[in-house]
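Enquirer: Following this message is one structure expressed as structure tokens.
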Amino acid sequence: MKPNIVMIVGDDHGYADLSAYAHSQPDIATPNLDRIAASGVRFTQAYTTSPVCSPSRTGFLTGRYQNEWDPSGGWVPGLPATSKHLAEYLDEAGYTTAMIGKNDFGQNLFFPTGREYPGNHGFDEFFGFNAHAHDFFLHSQAITDSSIPAWPGEASAHLGQILNSEAPTNYETLADGIWQTQEFTDRAIDFVEEQEAESEPFFLYLSHASVHALIHQVPKSYLDEVGVTELPIYDPTTNVPGNPANYNTYYYEYSRPAPIGPISDADMRKYYRAHLKAFDDQIGRLLDSLESTGQLNNTLIVYFSDNGGEALTGANNQPLSGSKYNMFEGGIRVPMLMSWPGVLPANQVYDEIVSTLDVVPTLLEAAGVEEAPQLRGFPLLSPLRENRPILKTDRTLFWRFNDYWAVRRGDWKLLFSDKGINITTSQITFNPRLLGREGLINLATDPSESSNQASSNDPEIIALKAELRALFEAWEASNQN
């Protein structure tokens with residue numbers, strides 16, 4: 001019997017901000033995500049293919065490095081027709097497919113057009129937005145009609161109407177003040193309950209914008225719980241003084257949660273904690289729905305973040321160095337959970353190296369779909385059941401994001417990166433001696449990347465560095481063809 005599949009993706013979720021992990025920060029409690037961990041597997045060395053959302057999402061939804069059609073690994077990879085989306089595989093296998101939430105391939109933003117629109121790559125239903133981000137409370141027609149774009153040109157963040165594949169014009173107007181994450185969860189629960197009486201399995205891709213900025217936008221009760229003030233909703237019809245007229249206040253609101261801005265460093269962490277708690281409660285509502293409809297035991301659930309915790313929101317990636325936007329471990333190593341009752345072991349900690357490239361082949365294996373030859377990841381079901389490495393030899397992973405790059409083989413990582421953003425909260429740590437220069441790190445002994453061995457005179461280290469660079473250059477060359 002084919003399982004139902006629920007894939008939940010968080011946005012900018014810090015590596016240390018999931019309480020099921022031994023390395024979790026003590027101020028964090030995520031009891032509902034912990035339910036997934038308790039019934040399944042938590043991964044300690046799970047990697048995304050990019051430290052930012054659009055390329056990362058393109059990678060984990062196709063099971064291929066996005067650099068294969070966007071060699072520079074930039075912000076806007078798109079979804080080419082030559083790369084099959086996970087939903088297309090499952091749709092062809094008889095699954096009822098639905099996507100709810102953030103749809104972001106960096107191109108064809110906002111509108112129900114292009115291959116990037118979910119209805120054009122395998123989804124029967126879609127409710128959400130096409131953009132890098134969307135305001136959590138402003139969804140009305142009035143906002144759509146009156147707003148100034150958030151960024152010049154093709155804006156990358158959105159306010160106003162939400163796309164709905166079932167609406168007559170593909171747009172749905174919600175009342176301002178509805179919290180987006182709850183609305184997305186409501187729609188996900190509706191979909192799950194509709195499938196209860198159906199004979200075919202379903203695939204639900206729930207892609208939340210939480211815990212992305214605007215991190216302080218969360219229901220007041222959660223703010224009260226951690227002791228921070230509810231900030232007034234900004235006026236999106238006005239531009240920021242000193243900026244061009246086509247910058248609205250969303251851009252300012254996105255940038256202001258920083259230690260030098262109106263929100264203090266300590267309060268920023270509290271806003272993040274409030275948002276994460278509210279997000280976790282919504283995950284709990286979905287799990288409760290799966291349980292009450294009798295579908296939980298035949299549902300494979302996977303949860304992970306699209307990249308590392310954000311440098312401005314109060315997210316914490318410790319003991320890892322770095323954050324979203326860079327190639328340090330905190331930018332590309334993420335929390336990840338997988339549960340399938342009766343098939344995968346319960347409450348298992350899996351310390352082997354995995355990638356979100358493995359998600360597509362794993363879900364296809366579970367669904368009984370023959371794996372496509374171009375996939376770059378590996379099915380995880382047998383390695384997890386047997387608690388063994390995926391490969392008999394050291395696994396090699398590659399990254400390229402604009403000018404930053406990295407390669408990891410086994411315990412060793414060679415990288416070049418900088419902060420990627422100059423302002424960070426105190427939750428984010430860096431090794432300043434590694435910024436803007438090549439680094440060679442043994443992650444088995446140095447997960448915080450505090451000791452750079454790139455300048456070592458040891459012949460074995462010199463040879464290892466040359467070998468890693470050769471592997472990376474060969475991978476880069478393969479992406480140019």
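Enquirer: Could you grab the relative contact order for the chain? Cα pairs under 8 Å, six or more apart, rounded to a whole percent.
Expert: 23 percent
Enquirer: For the ranges 170-178, 403-411, what's the packing order if you count other beta-carbon atoms within 10 Å of each residue, average per peptide, and put the highest first?
Expert: 403-411, 170-178
Enquirer: Could you tell me whether the range 262-356 comes out rounded, prolate or oblate from its Cα gyration tensor? Rule is a ≥ b ≥ c as square roots of the eigenvalues, rounded for a/c under 1.5, then prolate if a/b exceeds b/c, otherwise oblate.
Expert: Oblate.
Enquirer: Around residue 166, what is the net charge, scoring Lys/Arg as +1 and Asp/Glu as -1 over all other residues with Cβ under 9 Å from its Cβ?
Expert: With Lys, Arg at +1 and Asp, Glu at -1, the net is -2.
Enquirer: Quick one: which residues, 5 or more positions from residue 417 or on another chain, have an amide H under 5 Å from its amide H? H modelled 1.01 Å from N in the peptide plane, none for Pro or chain starts.
Expert: For residue 417, whose amide H was placed from the backbone, the distant partners under 5 Å are 436, 437.
Enquirer: Ratio of Rg to Rh for the range 151-223, alpha carbon only, Kirkwood?
Expert: Reported Rg/Rh (Cα atoms, Kirkwood Rh): 1.02.
Enquirer: Okay, moving on. Mean Kyte-Doolittle hydropathy of 0.0 or higher plus an axial Cα length of 20 Å or more: which whole DSSP H helices in the chain meet both?
Expert: 459-478
Enquirer: Excluding residue 432 itself, what net charge comes from residues whose Cβ is under 12 Å from its Cβ, given Lys and Arg +1 and Asp and Glu -1?
Expert: Summing Lys/Arg as +1 and Asp/Glu as -1 gives +1.
Enquirer: So which of 324/413; 84/465; 102/277 end up more than 24 Å apart by C-alpha?
Expert: The answer is 84/465.
Enquirer: Expressed as cubic angstrom per residue, what is the convex hull volume of the alpha carbon set of the range 17-85?
Expert: Per residue, the Cα convex hull of the range 17-85 comes to 118 Å³.
Enquirer: Okay, next question. Against the globular-protein guess of 2.2 N^0.38 Å, express the Cα radius of gyration of the range 348-481 as a ratio, rounded to two decimals.
Expert: Scaled against compact globular proteins, the figure is 1.21.
Enquirer: Shifting gears a bit: Would you calculate the separation in nanometres between label points at residue 198 and residue 171, each defined as 7 Å from the Cα along the Cα-to-beta-carbon direction?
Expert: Placing both labels 7 Å along Cα→Cβ, they lie 2.8 nm apart.
Enquirer: Taking the Cβ of residue 129 as the center, what net charge do the other residues with Cβ under 9 Å away carry, scoring Lys and Arg +1 and Asp and Glu -1?
Expert: Once positives and negatives cancel, what remains is 0.
Enquirer: While we're looking at this one, here's another question. Can you tell me how the range 352-405 classifies by the Cα gyration tensor, rounded, prolate or oblate, using a/c under 1.5 as the rounded cut?
Expert: Cα axes put the range 352-405 in the oblate bin.
Enquirer: Roll a 1.4 Å probe over the protein chains and send me the accessible area per residue for the chain in Å².
Expert: Result: 35 Å² of accessible area for each residue.
Enquirer: Suppose we keep just the DSSP beta bridges with both residues in the chain; what percent of those would be antiparallel, to 5?
Expert: Taking every DSSP beta bridge within the chain, about 50 percent pair in antiparallel fashion.
Enquirer: Within the accessible area of the chain, what % is carbon and sulfur when the probe is 1.4 Å and the other protein chains stay in place?
Expert: Its accessible area is 49 percent carbon and sulfur atoms.
Enquirer: Follow-up. Residue 438 versus residue 463, label points 7 Å from Cα toward the beta carbon: distance in nm?
Expert: Output for this residue pair reads 1.8 nm.
Enquirer: Evaluate the range 406-481: find the radius of gyration of its Cα atoms, find its Kirkwood radius, and give the ratio Rg to Rh.
Expert: 1.01
Enquirer: When the helix-only estimate is applied to the chain (DSSP H runs of n ≥ 4, each -39,500 (n - 2.57), divided by the residue count), what is the mean residue ellipticity at 222 nm, nearest 500 deg cm²/dmol?
Expert: Helices in the chain give a 222 nm mean residue ellipticity of -8000 deg cm²/dmol.
Enquirer: Turning to a different aspect of this structure: Using a ≥ b ≥ c from the Cα gyration tensor of the range 69-221 (square roots of the eigenvalues), is it rounded, prolate or oblate, where a/c under 1.5 gives rounded and otherwise the larger of a/b and b/c decides, a/b for prolate?
Expert: Oblate.
Enquirer: Right, next: Which one of 211, 120, 398 is farthest out on the positive end of the charge dipole of the chain, using unit charges on Cβ (Lys, Arg +1; Asp, Glu -1) and the Cα centre as origin?
Expert: The one lying farthest along the dipole's positive direction is 398.
Enquirer: Project the alpha carbons of the chain onto their principal axes and report the range along each, largest first, in whole Å.
Expert: Principal-axis extents of the Cα atoms in the chain, largest first: 66, 58, 45 Å.
The values are calculated or read from the model by the stated rules, or taken from the named source; none is laboratory data. This structure is a prediction, so every number in the text was calculated from the model and none was measured. Note that we place each Cβ from the backbone using ideal geometry, even for glycine, and neighbour counts take in every protein chain shown. Areas reflect the complete protein model, heavy atoms only, side chains present, ligands, DNA and RNA absent. Shrake-Rupley method; radii C 1.70, N 1.55, O 1.52, S 1.80 Å.
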